[in-house]
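Below: one structure, written as structure tokens.
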Amino acid sequence: MNIIGIESSCDETACAVVRDGREVLSSVVYTQIPLHRPYGGVVPEVASRAHIEKIAGVIAEAQKQFREKDPGGKIDAVAVTYGPGLASSLIVGLNAAKGLAAGLGVPLIGINHIEAHLHTPFLFDSGASAATPDPAERMPALGLAVSGGHTSWIDMPEYGKYEIIGQTLDDAAGEAFDKAAKLLGLGYPGGPVMDRYAKAYWLKHDPSDAAGLKGLAYPEIGKLPDELPVFPKGHPRPGSAALSGLDADLCVSFSGLKTALLRYVQKLTGASKIGDSFAEAAARPDGAVPPEMIPPVVASYQEAIVGAIADRTARALRRRAYRALIVGGGVSLNGRLRAKLAEVAQAAGVELMLAAPKNCGDNAAMIAGLAFYRRNLVGEEAIKVDVHPSLEAGDEP
Ligand code: KG4
Ligand code: ZN
């Protein structure tokens, strides 16, 4: 069964064709990052306009690549992200998908973007020497979704069933990276740059040598200098209303990190130079922080985020006899997080399932792939579906 998937929830316009849920026949991603970079974050109006401009071309390109792979191949269904995400962006993909499904005369399948991130480790490129396992063989699994908008621990008793058991109460992990990078003047998006600076610090390498660093294995990490700020571990108070009934041990708060960073940068540079609030400081960061201080501060900040994620993951893995730890989302590209999660999974005796780097960020192969297993919202029902900007994993529309 060939499913064509469309994704437009945030700042990537994407389309892909996936066979039988795992074999990627074509995958096209147009990223809007350069459009949003001058603003230091995603601007919804800019995003929706770019989706409108690009979506037809992206769909045509994915179909062309599919036909090259499988000249006589037929599309059996259209899948589309209907949430969570920016309403004005989701609607562009959803309408394109409805039109495509009607035109092809095939069913439409609505897909949850977070659940789709957890499908990415099961995707493989058509023609690759090794296929990936059937997801059913890896259940029950613990899902960890770490992206710019979400950080959640998700219980997956069987494939297609999702229950959030832990999450961030405020900023997502990717957001915590992006905000710190803005404060330090490292540009947008911050995650990849922060990852590079931290790795350069541990390897005593030049942080600007991106290509050189990429080729180097992540080292064992040492001790951080004492004069660095102690970043909060982000343990929420048990019983806090913000937990909405979730266990405090499996939740995290990342918002205190950026305040600790702001205070440290103010101390380092003099508050008058950088301003008093986070917004002020982030608005004029250039040269405010001594360049030699940036790598150790970034390494320490990253350690706080990675440490908190690893700690909650280890706790969740102790709760139930899982077979696998399935990780998805842009932050799962982080070198230190990947290394740390490997330790956590090994200690728990579960298989760590990470996606290929090109499938970690937003893409449509994850939408088309998961749709094969999630044919719960199909045809007439799906044609009527509207966007659900605040959808959570496990929610049914
Ligand atoms: O999954 P994604 O592409 O989009 C969302 O659904 O949010 O995730 C984007 C997030 C951004 O916050 C970005 O800074 C972060 O993933 N990210 C990273 C790395 N690469 C991307 N964070 C840490 N380390 C990285 N290497
Ligand atoms: Zn995403």
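Of the residues that make up the range 269-281, is at least one of a type in the set (A, V, I, L, M, F, W, C), farther than 30 Å from Ile154 by Cα and open to solvent by 70 Å² or more (accessible area, probe 1.4 Å)?
Here is the first cut: in the range 269-281, the residues of a type in the set (A, V, I, L, M, F, W, C) are 271, 274, 278-279, 281.
Checking the rest, the ones that are also farther than 30 Å from Ile154 by Cα come to 271, 274, 278-279, 281.
Going one step further and asking which of them are open to solvent by 70 Å² or more (accessible area, probe 1.4 Å), we end up with 279.
Yes, there is a match, as at least one residue in the range 269-281 is of a type in the set (A, V, I, L, M, F, W, C), farther than 30 Å from Ile154 by Cα and open to solvent by 70 Å² or more (accessible area, probe 1.4 Å).
Against the list (1) modelled with pLDDT of 90 or more; (2) in contact with a Leu (Cβ under 8 Å, 6 or more places away or on another chain), the condition Asp247 fails is (2). Does His36 qualify as being within 21 Å of Gly191 (Cα to Cα) and either touching a residue at least 40 places away in the same chain (Cβ under 8 Å) or in a helix (DSSP H, G or I) (or both)? Answer is yes for this residue.
Scanning the range 308-353 for residues being open to solvent by less than 50 Å² (accessible area, probe 1.4 Å) and not in a helix (DSSP H, G or I) gives a total of 11. In the range 154-161 there is no residue matching the filter, namely being modelled with pLDDT of 95 or more and touching a Ser or Thr at 6+ places or on another chain (Cβ under 9 Å).
Of the listed requirements (1) under 24 Å from the mean Cα position of the chain (by Cα); (2) modelled with pLDDT under 90; (3) hydrophobic (A, V, I, L, M, F, W, C); (4) more than 16 Å from ligand 1 (Cβ to nearest atom), Met293 misses just one: (1).
The sole residue among Ser129, Ser208 that is open to solvent by 20 Å² or more (accessible area, probe 1.4 Å), under 26 Å from Met293 (Cβ atoms) and away from ligand 1 (no atom under 12 Å from the Cβ) is Ser208. Restricting the search to helices (runs of 4 or more DSSP H) fully inside the range 187-287 and requiring at least 1 residues that are touching a residue at least 60 places away in the same chain (Cβ under 8 Å) gives 190-203, 255-269, 278-283. Going by the structure shown, is Ile109 open to solvent by less than 10 Å² (accessible area, probe 1.4 Å), on the phi < 0 side of the Ramachandran plot and modelled with pLDDT under 95? The answer is yes for Ile109.
Quick one: which of Ala356, Ala364 is within 16 Å of ligand 2 (Cβ to nearest atom), open to solvent by less than 10 Å² (accessible area, probe 1.4 Å) and either among the charged types (D, E, K, R) or touching a residue at least 40 places away in the same chain (Cβ under 8 Å) (or both)? Spell out the reasoning first.
Numbers: Ala356 fails: open to solvent by less than 10 Å² (accessible area, probe 1.4 Å).
Just a single option satisfies the conditions, and that option is Ala364.
Screening Ala96 with (1) more than 16 Å from ligand 1 (Cβ to nearest atom); (2) at pLDDT 95 or above; (3) aliphatic (A, V, I, L, M); (4) open to solvent by less than 10 Å² (accessible area, probe 1.4 Å) gives one miss only, at (4). Before we move on, is Pro84 under 24 Å from Ser390 (Cβ atoms) and either open to solvent by less than 20 Å² (accessible area, probe 1.4 Å) or free of Cβ contacts under 8 Å to residues at least 12 places away in the same chain (or both)? Against the criterion (under 24 Å from Ser390 (Cβ atoms) and either open to solvent by less than 20 Å² (accessible area, probe 1.4 Å) or free of Cβ contacts under 8 Å to residues at least 12 places away in the same chain (or both)), Pro84 qualifies.
Let's see how each residue does on (1) in a helix (DSSP H, G or I); (2) over 30 Å from Leu183 (Cα atoms):
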| residue | (1), (2) |
| --- | --- |
| Gly5 | no, yes |
| Ser26 | no, yes |
| Arg49 | yes, no |
| Ile55 | yes, yes |
| Val58 | yes, yes |
| Glu61 | yes, yes |
| Gly72 | no, yes |
| Tyr82 | no, yes |
| Ile109 | no, yes |
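Restricting attention to the range 146-163, the residues that are within 8 Å of ligand 1 (Cβ to nearest atom), open to solvent by 30 Å² or more (accessible area, probe 1.4 Å) and not small (Gly, Ala, Ser) add up to 1.
In the set Gly166, Gly143, Gly174, which member is within 15 Å of ligand 1 (Cβ to nearest atom), open to solvent by less than 20 Å² (accessible area, probe 1.4 Å), part of a strand (DSSP E or B) and at pLDDT 90 or above? Lay out the reasoning, then the answer.
Numbers: Gly166 fails: within 15 Å of ligand 1 (Cβ to nearest atom); Gly174 fails: part of a strand (DSSP E or B).
So the residue among Gly166, Gly143, Gly174 that is within 15 Å of ligand 1 (Cβ to nearest atom), open to solvent by less than 20 Å² (accessible area, probe 1.4 Å), part of a strand (DSSP E or B) and at pLDDT 90 or above is Gly143.
Hey, could you check the range 220-239 for residues that are open to solvent by less than 100 Å² (accessible area, probe 1.4 Å) and more than 24 Å from the chain's Cα centre (by Cα) and say which is nearest to Cys251 (Cα to Cα)? Applying the filter and picking the extreme gives Gly239. Filtering the range 309-345 to residues that are within 11 Å of ligand 1 (Cβ to nearest atom) and more than 16 Å from His150 (Cβ to Cβ) leaves Gly335, Arg336, Arg338.
The values are calculated or read from the model by the stated rules, or taken from the named source; none is laboratory data. Remember, it's a predicted structure, so these values are computed and weren't measured experimentally. Cβ coordinates were reconstructed from backbone atoms using ideal geometry, including for glycine residues, and neighbour counts include every protein chain displayed. Each accessible area value is taken on the protein alone, full model and side chains, heavy atoms only, with ligands, DNA and RNA left out. Shrake-Rupley method; radii C 1.70, N 1.55, O 1.52, S 1.80 Å.
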